[in-house]
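First the structure, which I've put down as structure tokens, then a few questions once you've had a look.
The values are calculated or read from the model by the stated rules, or taken from the named source; none is laboratory data. Source: prediction; values computed, not measured. Positions of Cβ are generated from backbone atoms using ideal geometry, with glycine treated the same way; all protein chains shown enter the neighbour counts.
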Amino acid sequence: MIEQLQYSHPYRHGFVRAAAAIPEVALADPKRNASRIIELASTAAHAGASIIVFPELSLTGYSCDDLFHQSALQREALRALATVAEETAALNSILMVGLPLLLDDALFNVAAVVSSGRVVGVVPKSYLPNYREYYEKRYFAHAPVARMEEIELLSDLVPFGTDLLFEAPAIPGFRIGIEICEDLWAPIPPSTYAALAGATVLCNLSASNVTVSKPQYRRLLCKAHSGRTASAYIYAGTGHGESTTDLAWDGQALICENADLIGESELFRHEGQIVVRDIDLDRLSCERLRLSSFQDSVERFEQAPDFRRLQLGITAPILPESDAALKRDVARFPYVPNDPAEYDERCEEAYQIQVHGLVKRLQATGIERIVIGVSGGLDSTHALVVGLRAMRRLGLPSSNVLAYTMPGFATSAHTLDNAHALMRATGVTAHEIDIKPSCLQMLKDLDHPFAEGKPLYDITFENVQAGERTSHLFRLANQQGALVLGTGDLSELALGWSTYGVGDQMSHYNVNGSVPKTLIQHLLRWLVAKDRLGATVSAVLQSIVDTEISPELIPADKCPDGASSGGPSQATEATIGPYELQDFHLYYTTRYGYAPSKVAYLAEQAWSDLARGHWPPGMGATDAVERNAYQRAEIKRWLAVFLDRFFRTSQFKRSALPNGPKVGSGGSLSPRGDWRAPSDSTARVWLDELERNVPDLPDDAEA
């Protein structure tokens, strides 16, 4: 049972380990090819792979040409298949190997599925290329020619056809569909129907020769098809050893998952190689559950053949300690790309989406000025930049951005200086309003002890300041004929870290509402790195990014456990958790609906070893040295805080959000968009699941 596996086992969390294996080809020598296939299969299986995909015609080689019609080669290929089945009988894996197979006076290019010492199914190629360098119709018959559903093979009666689905009941969600090479290039690949019939892992045994730019095209095809079918796609292409009479071969292997490339081989390698990755079956299930178009396609599926489901007896593998870690990258910052080119593109897109939304709102209302509160913190700085770019897009001066910094009882000199420096450097119309007198008047009206000189720093004391700032901004907007630009971000909305009503939760239009804190930090870093706003502004932005995050509502000397000495008071992350970790929790909880135990497992994979994995541009080795890695106990602690605040205490604020554009594919929390939830829910189900399924100690300590 999956539930009985140790917490650290990937299969317990909805993963299955897959391998694409590329042996060195011994052309027209099935015996040697079988030996190499067995060797790679053994290596992959001992690494925990439940499915191992080999290239097209891997028992003979693809470039045999007219030799395929030689009966000696055909028979030797069958003997080699028998050898593979016999020698891999003890492996807890499903193998897919290619060979030519003679049936009823027709030769088929097939994938043989081998498990537990037997051939359990045979899938013929549907589309035979017969153009340019390809002459497959000279040698083979395509699948529709076949008139049988079962064949006698190696003394067994074996299912045959393109309508076969292979599943392992012991591994939930693991269902396999198979196609061969050119099938992927067809307008409707056969695996499309397999996916609609329930296959989550699609396999392609291929022998595509290489030409300039063809590897990029294959990546595009595999990624797009896996995204369109909400599946994993394993592609194994033949490599060194094929005939180079007129062609060359690169041995490309790809493992894709829902449009993401998660593993690829080394091209043009002479030795055999294996690409092993863990496929997230839960992710695929979640995508299919939510995609109404996928479900609609299933409903129209009656035009496709009925698939036969063949059950196989493989189980979750026993993983040696060296292979227990998850074999896939888990980004520490799921909202921020690691690839530099994608990073640049994503940052520019994020700004463009926000600017486009604000421009449209200003045009629709006929308003030409915006009012914004500038605190010297991340969110208001980012919103100010968006406001400036919107004014430029509209051909309006920067002075149409009416910026107000409003120091309160706990505003530090550092952040106040940053706010003034930012307003000066950007050329906005700058103002300072001291809100302490109006806050004191309200506290006096409320008979609050602070108004009488008694140091009570409660939630009323905090929210009076937050409310006064927003109240001022709305009245200033009335006075100036302007629109109040909101600054609160997605992370704060998720955690309920905002003052409801006439507070920082409200505005006329909020450009930051679907942008998480970690992305805002990187967007500002990106502006600095690209020097988009000039050296003076960049220097201020860098200072703001380097400043500890704080609401600055309680004086520093009253926050002994808060911010570091000399910085702002009241460190936000000491109360609600590190934003980088809480954004991670937010992404996997809302984007995929993962159970808390899986979110915690992924966070541990991403954050417990900072030397492993990648950092986004602008972050790197120094971060790994300076940061503390998050271990399981700390992850569990902060995830519990996230779950309680997200599910129990904060939805009523999100149900009354102002308008704002959706920015990232990770989703928003708008009640008119990605997230609809009751305001009076409990978090008990999620907290109980976390406590029940995430042990406090590592597996070896438990044992």
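Quick one: count up the residues across the stretch 372-404 that are within 30 Å of residue 573 (Cβ to Cβ), surrounded by fewer than 21 Cβ atoms within 10 Å (Cβ to Cβ) and of a type in the set (S, T, N, Q).
Qualifying residue count, the stretch 372-404: 0.
From the residues in the stretch 608-628 that are surrounded by 14 or more Cβ atoms within 10 Å (Cβ to Cβ) and of a type in the set (A, V, I, L, M), which one is modelled with the highest pLDDT?
Only one residue fits best here, namely 610.
If you don't mind, another one. Checking the structure you have, find out if any residue of the stretch 543-561 is polar (S, T, N, Q), surrounded by fewer than 16 Cβ atoms within 10 Å (Cβ to Cβ) and either within 22 Å of residue 492 (Cα to Cα) or modelled with pLDDT of 95 or more (or both). Even if it seems obvious, please write down each step before you answer.
Looking only at the stretch 543-561, we keep the residues that are polar (S, T, N, Q), and these are 543, 547, 550.
Among the residues that remain, those that are also surrounded by fewer than 16 Cβ atoms within 10 Å (Cβ to Cβ) are: none.
Scanning the stretch 543-561 turns up no residue that is polar (S, T, N, Q), surrounded by fewer than 16 Cβ atoms within 10 Å (Cβ to Cβ) and either within 22 Å of residue 492 (Cα to Cα) or modelled with pLDDT of 95 or more (or both).
For the stretch 1-47, which positions are within 23 Å of the chain's Cα centre (by Cα) and assigned to a loop (DSSP other than H, G, I, E, B)? Walk me through how you get there before you give the answer.
Here is the first cut: in the stretch 1-47, the ones within 23 Å of the chain's Cα centre (by Cα) are 7-20.
Across the stretch 1-47, the qualifying residues are 7, 8, 9, 14.
Exactly one of (1) over 17 Å from residue 232 (Cβ atoms); (2) in the same structural domain as residue 120 (by TED's automatic domain parsing); (3) not in a helix (DSSP H, G or I) is unmet by residue 278. Its number?
Of the numbered conditions (1) over 17 Å from residue 232 (Cβ atoms); (2) in the same structural domain as residue 120 (by TED's automatic domain parsing); (3) not in a helix (DSSP H, G or I), the odd one out for residue 278 is (1).
Now for a separate question. Give me a count of the residues in the stretch 233-267 that are closer than 19 Å to residue 182 by Cα, assigned to a strand (DSSP E or B) and among the hydrophobic types (A, V, I, L, M, F, W, C).
6
Do we find that residue 515 is over 24 Å from the mean Cα position of the chain (by Cα) and not polar (S, T, N, Q) in this structure? Walk me through it before giving the result.
Numbers: over 24 Å from the mean Cα position of the chain (by Cα): no; not polar (S, T, N, Q): yes.
For residue 515, the condition - over 24 Å from the mean Cα position of the chain (by Cα) and not polar (S, T, N, Q) - is not met.
Limited to the stretch 532-544, what total is found for residues that are within 28 Å of residue 584 (Cβ to Cβ), polar (S, T, N, Q) and in contact (Cβ under 8 Å) with a residue 60 or more places away in the chain?
Qualifying residue count for the region: 1.
Okay, next question. Confirm whether residue 90 is more than 34 Å from the chain's Cα centre (by Cα), in a helix (DSSP H, G or I) and surrounded by fewer than 17 Cβ atoms within 10 Å (Cβ to Cβ).
In short, no.
Write out, first by first residue and then by second, each pair whose Cβ atoms fall under 8 Å of each other, whose residues are 6+ apart or on separate chains, and whose first residue, in the stretch 404-416, is over 12 Å from residue 374 (Cα atoms) while the second is surrounded by fewer than 21 Cβ atoms within 10 Å (Cβ to Cβ) and among the basic types (Lys, Arg).
408/436; 409/436
Please go through the stretch 645-665 and pick out each residue that is in a loop (DSSP other than H, G, I, E, B) and surrounded by 14 or more Cβ atoms within 10 Å (Cβ to Cβ).
650, 655, 657, 658, 659, 660, 661, 662, 663, 664
Also, quick follow-up: Could you list all residues from the stretch 285-338 that are outside any loop (DSSP other than H, G, I, E, B), more than 17 Å from residue 258 (Cβ to Cβ) and of a type outside the set (A, V, I, L, M)?
296, 299, 301, 302, 303, 308, 309, 311, 321, 322, 323
Another question, then. Working only within the stretch 43-58, note down all residues that are out of contact with any Pro (no Cβ under 9 Å at 6 or more places or on another chain) and under 18 Å from residue 315 (Cβ atoms).
Let us first name the residues in the stretch 43-58 that are out of contact with any Pro (no Cβ under 9 Å at 6 or more places or on another chain), namely 43-44, 51-53, 56.
If the condition is that a residue be out of contact with any Pro (no Cβ under 9 Å at 6 or more places or on another chain) and under 18 Å from residue 315 (Cβ atoms), then 44, 51, 52 are the ones that fit.
Evaluate the following for residue 298: is it assigned by TED's automatic domain parsing to the domain that holds residue 93, in contact with an Asp or Glu (Cβ under 9 Å, 6 or more places away or on another chain), surrounded by fewer than 22 Cβ atoms within 10 Å (Cβ to Cβ) and among the hydrophobic types (A, V, I, L, M, F, W, C)?
Working: assigned by TED's automatic domain parsing to the domain that holds residue 93: yes; in contact with an Asp or Glu (Cβ under 9 Å, 6 or more places away or on another chain): no; surrounded by fewer than 22 Cβ atoms within 10 Å (Cβ to Cβ): yes; among the hydrophobic types (A, V, I, L, M, F, W, C): yes.
No.
More than 23 Å from residue 332 (Cα to Cα), surrounded by fewer than 14 Cβ atoms within 10 Å (Cβ to Cβ) and within 23 Å of the chain's Cα centre (by Cα) - does that describe any residue in the stretch 666-676?
Yes, some residue in the stretch 666-676 is more than 23 Å from residue 332 (Cα to Cα), surrounded by fewer than 14 Cβ atoms within 10 Å (Cβ to Cβ) and within 23 Å of the chain's Cα centre (by Cα).
Report, by residue number, each residue of the stretch 531-542 that is under 29 Å from the mean Cα position of the chain (by Cα) and surrounded by 18 or more Cβ atoms within 10 Å (Cβ to Cβ).
Matches in the stretch 531-542: 541 only.
Same structure again: Tell me, which residue of the stretch 335-348 that is closer than 16 Å to residue 662 by Cα and without any contact (Cβ under 8 Å) to a residue 40 or more places away in the chain is surrounded by the most Cβ atoms within 10 Å (Cβ to Cβ)? Full working, then the answer.
The initial filter retains those residues of the stretch 335-348 that are closer than 16 Å to residue 662 by Cα, namely 335-336, 346-348.
From the residues that got through so far, the ones that are without any contact (Cβ under 8 Å) to a residue 40 or more places away in the chain too are 346, 348.
Working: 346: 22, 348: 14.
Residue satisfying both the conditions and the ranking: 346.
Looking at (1) more than 16 Å from residue 74 (Cα to Cα); (2) in contact (Cβ under 8 Å) with a residue 40 or more places away in the chain; (3) in contact with a Pro (Cβ under 8 Å, 6 or more places away or on another chain); (4) surrounded by fewer than 21 Cβ atoms within 10 Å (Cβ to Cβ), can you tell me which one residue 139 breaks?
Of (1) more than 16 Å from residue 74 (Cα to Cα); (2) in contact (Cβ under 8 Å) with a residue 40 or more places away in the chain; (3) in contact with a Pro (Cβ under 8 Å, 6 or more places away or on another chain); (4) surrounded by fewer than 21 Cβ atoms within 10 Å (Cβ to Cβ), only one is false for residue 139: (1).
State yes or no: is residue 332 basic (Lys, Arg), without any contact (Cβ under 8 Å) to a residue 40 or more places away in the chain and farther than 20 Å from residue 232 by Cβ?
Values: basic (Lys, Arg): yes; without any contact (Cβ under 8 Å) to a residue 40 or more places away in the chain: no; farther than 20 Å from residue 232 by Cβ: yes.
It is false that residue 332 is basic (Lys, Arg), without any contact (Cβ under 8 Å) to a residue 40 or more places away in the chain and farther than 20 Å from residue 232 by Cβ.
A follow-up question, please. Within the group 187, 215, which residue is assigned by TED's automatic domain parsing to the domain that holds residue 21 and not in a helix (DSSP H, G or I)? Explain how you work it out, then say what you get.
Working: 215 fails: not in a helix (DSSP H, G or I).
Of 187, 215, the one residue that is assigned by TED's automatic domain parsing to the domain that holds residue 21 and not in a helix (DSSP H, G or I) is 187.
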